[in-house]
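See structure below.
The values are calculated or read from the model by the stated rules, or taken from the named source; none is laboratory data. Please read all numbers here as calculations on a predicted model, not as lab measurements. Glycine also receives a Cβ, built like all others from the backbone with ideal geometry; neighbour counts cover every protein chain displayed. Just so you know, the surface numbers come from the protein's heavy atoms only, side chains and all, with ligands and any DNA or RNA stripped out. Shrake-Rupley method; radii C 1.70, N 1.55, O 1.52, S 1.80 Å.
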Amino acid sequence: MKTKALIFDLDGVIVDTAKFHFMSWKALSDELGLFFDEAVNERLKGVSRMKSFEIILEVNGAEDRFSDAEKEELIKKKNDLYVSFVKTLTPDDMLPGIAEFIERAKGAGLKCAVASVSKNAPLVLSCLGAADKFDYVADAAKVEKSKPAPDIFLVCAEALGVDPAECIGIEDAQAGIEAIKAAGMFSVGINVTVTSAEPDIHLKSTSELDFDKIVF
Ligand code: B16
Ligand code: MG
């Protein structure tokens, strides 16, 4: 394959915002008397905001405790706190090696896109000073089927005008690896907790992203 595009997940690949998600869900859970720990947080990686709250409710056997309107209000509260943490991000918070890897890819003429299910992706990228590094950022609000469905990766490939078979997807979540594979792309995993499909290449950290070994 001659790679023409790289499609990056955001949280866990470009920046570590999982800690902010954890602190925000923990604050909401404590307020509501719900159990929430790191293991539950791990299950929320790559999962949409509402689905994440539903997983927390399910873990607590509290699926029917809130109406849909109440759930919307509660996830808004969680998001307001999360956004206040995101606003503290600076360019120094990009994960190790990522900025260099993207520069190298762009220098080699590859297109780069972001396939994040986060509705805060544009804000996160702007706080990192990284918005202009990408040719396309998918709008999570407009992609109906979330990861593990391939849709968000396919939307990126289409927007870039590149065949999915000529794309490499980079992800830290199992749901994301499944999405990349279902899209027919080559997958690179970053410290994925593998419970099903293995990524084609699995690295422990973004600092191991070596352009010459990964892009072919
Ligand atoms: P938001 P990714 C995902 O981002 C996170 O991994 C996941 O934990 C979070 O619930 C989701 O974004 C939604 O984020 O509440 O900001 O819309 O890994 O797909 O970049
Ligand atoms: Mg992620």
Estimated 222 nm signal from helices in the chain, with DSSP H stretches of n ≥ 4 weighted -39500 (n - 2.57), rounded to 500: -12000 deg cm²/dmol
Under a 5 Å amide H to amide H cut-off, with H placed in plane at 1.01 Å, what residues pair with Val137 once short-range neighbours are removed? Val114
Could you sort out which of Lys145/Lys204; Lys119/Lys147; Lys106/Lys204; Lys26/Lys51; Lys19/Lys71; Lys78/Lys147 sit more than 19 Å apart by Cα distance in this structure? Lys145/Lys204; Lys106/Lys204; Lys19/Lys71; Lys78/Lys147
List the aspartates and glutamates whose Cα sits under 12 Å from the Cα of Lys45, skipping any in the same chain fewer than 8 residues away. Asp9, Asp11, Asp16, Glu171, Asp172
Using per-residue counts of other Cβ atoms within 10 Å, averaged over each peptide, order 92-99, 185-192 from highest down. 185-192, 92-99
Apportionment of accessible area to carbon and sulfur, the range 61-216, percent (1.4 Å): 50
Rounded to a whole number, the Stokes-Einstein D of the chain in µm²/s (Kirkwood radius over Cα pairs; 4 °C; 1.567 mPa s) is 74
Each label sits 7 Å from Cα toward the beta-carbon; between Thr90 and Asp212 the label points are separated, in nm, by 3.3
Relative contact order of the chain: what whole-number percent is it, with Cα pairs under 8 angstrom and at least 6 residues apart? 27
Highest GNM mean-square fluctuation among Asp200, Asp68, Asp163, for the chain with Cα springs under 10 Å, belongs to Asp68
Summed side-chain charge close to Ile168 - residues other than Ile168 whose Cβ falls under 15 Å, Lys, Arg +1, Asp, Glu -1: -3
